[in-house]
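So the structure is just underneath, and the comments pick up after that.
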Amino acid sequence: MSTSDSPKIELFDPPMCCPGGLCGPAIDPALLDMDEAALKLKKEHGVKIERYLLQQNGQKFMENPEVLALLQASGTDILPVTAVDGKVVKTGGFPSYDELVGYLSTVSTEA
């Protein structure tokens, strides 16, 4: 799969102290797992995950109608939200590496 036909994976992160959340004295293991999964996905499949923070990339949250509707209905408790090619595929938790790979195969079989 070349990067030109790769799906666009976006992760709308919950509020964090810094981009990626990998800072401070107590790093959430889920954030480390997500970071490792994103790096592995890029290395093995050439797919980059775009990550957005509400406080820094608020416009991105508003540009996706599904994400905006979820935020309006549930507030930030719904975050993180994962979208593939603009469609929400997961809410309330970070996707695993296997889930991310699954999103790639789902999109490639739909094309």
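Go through (1) farther than 23 Å from SER105 by Cα; (2) at pLDDT 90 or above for GLU50 and report which single condition fails.
(1)
Among the candidates GLU36, GLU66, single out the residue that is under 15 Å from the mean Cα position of the chain (by Cα) and closer than 13 Å to PHE12 by Cβ.
GLU66
Working carefully through the options LEU41, LEU22, LEU11, LEU32, find the one that is closer than 15 Å to TYR97 by Cβ and modelled with pLDDT under 90.
Checking each option against the conditions leaves just LEU32.
State which residue pairs qualify: first residue over 22 Å from LEU31 (Cα atoms) and in a helix (DSSP H, G or I) and inside the range 83-111, second residue at pLDDT 90 or above and not aromatic (Phe, Trp, Tyr) in any location, beta carbons under 7 Å apart, and separation of 6 or more residues or different chains.
Partner pairs satisfying both residue conditions: VAL107/VAL84; VAL107/ASP85.
The values are calculated or read from the model by the stated rules, or taken from the named source; none is laboratory data. Bear in mind that the values here come from a model prediction, so they are computed numbers and not experimental data. Positions of Cβ are backbone-derived with ideal geometry, glycine not excepted, and every protein chain shown enters the neighbour counts.
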